[in-house]
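Q: Take a look at this one; I'll ask things after.
The values are calculated or read from the model by the stated rules, or taken from the named source; none is laboratory data. If you're wondering where the values come from, they're calculated on a predicted model, not measured in any experiment. Note: ideal-geometry Cβ built from the backbone for every residue, glycine included; neighbour counts use all protein chains shown. When the accessible area is computed, the model is the full protein with side chains, heavy atoms only, and any ligands, DNA or RNA have been set aside. Shrake-Rupley method; radii C 1.70, N 1.55, O 1.52, S 1.80 Å.
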Amino acid sequence: MGIVIILIMLAGVGLMLARKLPTAFALVLLGVAVALVAGAPLTGKNSLLDTVLEEGSVALASTMLAVLIGSWLGKLMEETGIASTLVRKIVEFGGDRPTVVALGVLAVSALVGTVTGSAPAAMMAGIIGIPAMIAVGVPKTTAAGTILMGIAAGMPFELPVWQFFSTALELPLDTVKSFMLRLFPFAAVFAVLYVLVETRRRGVEHTWSLADLDKRPADDGDGDRRRGRSRRLGDAPWYALLAPAVPLVLALGFELAIIPSMLAGVLYALVATTRPREMNKRLLRTLYSGFEVAAPPITLFVAIGILLAAVKLPGAVEALDPLVKAVSPGHPAAFVVVFTLLAPLCLYRGPLNVYGLGAGIAGVLISAGVYPAAAVLGLTASYNQIFGVADPTSTQTVWAAQYAGVSPQQVMLRTLPYVWCVALGGLVVTAATRL
């Protein structure tokens, strides 16, 4: 039966890679199929309807809410000009020095990445940052990669990600926070190294032109409206620029819960930029816009919860236990070597992508007792650094590449060596502290 479940999972990977089914739909079908093969009853305890579909669909509810609030704060930062002001100030400070400008945009991208991930973060930092970098001579591929490497550097402090790993892996939030703090130096160092090496290796390329503008993605009209609105609004007040740091200070410094910390960031951004009589309208407008941004990841988290519930069923655990234990490296050194070599399997929505089938595999590793949950956290969070930057199918990579006028595959080839090293660092830390 274990082999049948593995074959079903491989079929699901094939459907996702071939784009025959959206990832969320494929994960739900996988969850249902695994439950049926594992012999789950239709209703009752450990059943298909009550456990897998009912309980699984809301298992990551706290993560969904955190994603929504992060999207809300991101929309507020966009509408009030906080994000664009941060980028403009950095560009003004950097002048015509390509490396300085790129490092500044990298820092802003990391700050934005702590609030919200994926395409919204790339757009907030990149709409102004990418043209500014290319205008001073940063190569196009390097400019797109700088945005993505910056977002990944901020990812260890992205509070919705903490909530996701805490809920999905059933770990205390302090355990997640502890590993993320250890992962951050690797993400930050290799992000800076990427900028320093790539801006010097390729030299200065003054390639931004009207022809390049004509080749921008179809949503550039929306980007132009954002820039026009920012110019009309002017720069946000200096104290409003602290809005992205408010949730981090509260969550890290005062150990406040994640959702209240993020709500405090929303309120701070609102009060720091908005007149009292306009607050209600702006709150509602940005909240509704936040729902649109948060809808895709929330849908994915519903599907991930269903798949996690399925692979944790007693029948599935019993069937998969001997197979998983037979192929999983036990020695810490073997753990690092094997999973470092397997890292590319998280690309192209592959089987080790934590926002796809990788979530199910993580559940199996924990349920079967192969690795402690904290070690699985280190594995999945390390791989997430690769997926968030180099995966040509991820929305932020596609957007940044197209906006810069290059292909996602070019960005993947340029950034993959750096984020692979970040993942290696995370795996070494995991092996040294959790195995």
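Q: Pairs needed: first member in the stretch 264-275, under 13 Å from Gly74 (Cα atoms); second member anywhere, crowded, with 19+ Cβ neighbours inside 10 Å and small (Gly, Ala, Ser); C-beta distance under 8 Å; at least 6 residues apart or different chains.
A: Listed by first residue and then by second, the contacts come to Gly265/Ala243; Tyr268/Ala243; Ala269/Ala240; Ala269/Ala243.
Q: Assuming Gln410 fulfils every condition listed in (1) within 19 Å of Ser109 (Cβ to Cβ); (2) open to solvent by less than 30 Å² (accessible area, probe 1.4 Å); (3) touching a residue at least 40 places away in the same chain (Cβ under 8 Å) apart from one, which condition is it?
A: (2)
Q: I've got another one for you. Looking at this structure, is Gly369 at pLDDT below 90, open to solvent by 10 Å² or more (accessible area, probe 1.4 Å) and not charged (D, E, K, R)?
A: yes
Q: Now a separate question. Within the stretch 174-204, count every residue that is of a type in the set (Gly, Ala, Ser) and open to solvent by 30 Å² or more (accessible area, probe 1.4 Å). Give the steps one after another, and end with the answer.
A: Initial filter on the stretch 174-204 (of a type in the set (Gly, Ala, Ser)): 178, 187-188, 191, 203.
Checking the rest, the ones that are also open to solvent by 30 Å² or more (accessible area, probe 1.4 Å) come to 178.
The total comes to 1.
Q: Here's another thing I want to ask about it. Output the qualifying pairs, or none if there are none: Cβ atoms under 6 angstrom, residues six or more apart or on different chains, first residue in the stretch 21-36 and closer than 16 Å to Ala319 by Cβ and in contact (Cβ under 8 Å) with a residue 60 or more places away in the chain, second residue buried (at least 18 other Cβ atoms within 10 Å of the Cβ) and of a type in the set (Ser, Thr, Tyr).
A: Going by the 6 Å Cβ cut-off, there are no qualifying pairs.
Q: Among the candidates Val58, Val67, Val87, which residue alone is closer than 15 Å to Ile128 by Cα and among the aliphatic types (A, V, I, L, M)?
A: Details: Val58 fails: closer than 15 Å to Ile128 by Cα; Val67 fails: closer than 15 Å to Ile128 by Cα.
Going through Val58, Val67, Val87 in turn, just one is closer than 15 Å to Ile128 by Cα and among the aliphatic types (A, V, I, L, M): Val87.
Q: So which of Thr397, Thr433, Thr380 ends up being surrounded by fewer than 18 Cβ atoms within 10 Å (Cβ to Cβ) and either closer than 25 Å to Gly56 by Cα or at pLDDT below 95 (or both)? I'd like the intermediate steps shown before the answer.
A: Numbers: Thr397 fails: surrounded by fewer than 18 Cβ atoms within 10 Å (Cβ to Cβ); Thr380 fails: surrounded by fewer than 18 Cβ atoms within 10 Å (Cβ to Cβ).
So the residue among Thr397, Thr433, Thr380 that is surrounded by fewer than 18 Cβ atoms within 10 Å (Cβ to Cβ) and either closer than 25 Å to Gly56 by Cα or at pLDDT below 95 (or both) is Thr433.
Q: Could you name every one of the helices (runs of 4 or more DSSP H) located completely within the stretch 1-85 that has at least 3 residues being open to solvent by 60 Å² or more (accessible area, probe 1.4 Å)?
A: On the way: elements: 2-17, 23-37, 61-79.
Hits in the stretch 1-85: 2-17, 23-37.
Q: Turning to a different aspect of this structure: How many residues are under 24 Å from the mean Cα position of the chain (by Cα) and basic (Lys, Arg) if we restrict to the stretch 73-113?
A: Here the count works out to 1.
Q: Still on this structure, please answer the following. Being at pLDDT below 90 and open to solvent by 60 Å² or more (accessible area, probe 1.4 Å) is the filter here; which residues of the stretch 332-346 pass it?
A: Once the filter is applied, which keeps residues that are at pLDDT below 90 and open to solvent by 60 Å² or more (accessible area, probe 1.4 Å), the stretch 332-346 yields only Leu345.
Q: Still on this structure: Within the stretch 86-109, does at least one residue satisfy the condition of being basic (Lys, Arg), within 18 Å of Gly265 (Cα to Cα) and touching a residue at least 12 places away in the same chain (Cβ under 8 Å)?
A: no
Q: For residues that are open to solvent by less than 40 Å² (accessible area, probe 1.4 Å) and either over 22 Å from Met123 (Cα atoms) or outside any helix (DSSP H, G or I) (or both), tally how many sit in the stretch 260-296.
A: 4
Q: Going by the conditions given, is Pro260 of a type outside the set (A, V, I, L, M), farther than 16 Å from Glu78 by Cβ and in contact (Cβ under 8 Å) with a residue 40 or more places away in the chain? Spell out the reasoning first.
A: Working: of a type outside the set (A, V, I, L, M): yes; farther than 16 Å from Glu78 by Cβ: yes; in contact (Cβ under 8 Å) with a residue 40 or more places away in the chain: no.
No; evaluated as a whole, the condition is false for this residue.
Q: How many residues does the stretch 303-333 hold that are among the charged types (D, E, K, R), in a helix (DSSP H, G or I) and farther than 20 Å from Arg434 by Cα?
A: So the answer is 2.
Q: Please work out which one of (1) open to solvent by 30 Å² or more (accessible area, probe 1.4 Å); (2) assigned to a helix (DSSP H, G or I) is the condition Pro160 fails and give its number.
A: All conditions are met except number (1).
Q: Ok, one more. Taking the criterion of being closer than 30 Å to Leu284 by Cα, part of a helix (DSSP H, G or I), open to solvent by 10 Å² or more (accessible area, probe 1.4 Å) and modelled with pLDDT of 85 or more, would at least one residue in the stretch 130-150 satisfy it?
A: Within the stretch 130-150 (the criterion being closer than 30 Å to Leu284 by Cα, part of a helix (DSSP H, G or I), open to solvent by 10 Å² or more (accessible area, probe 1.4 Å) and modelled with pLDDT of 85 or more), the answer is no, since none of the residues qualifies.
Q: Could you please tell me which pairs satisfy a Cβ distance under 9 Å, a separation of 6+ or placement on different chains, a first residue in the stretch 185-197 that is in a helix (DSSP H, G or I), and a second residue that is charged (D, E, K, R)?
A: Tyr194/Arg414
Q: What's the number of the only condition in (1) open to solvent by 10 Å² or more (accessible area, probe 1.4 Å); (2) part of a helix (DSSP H, G or I) that Ala375 fails to meet?
A: It fails just one condition, (1).
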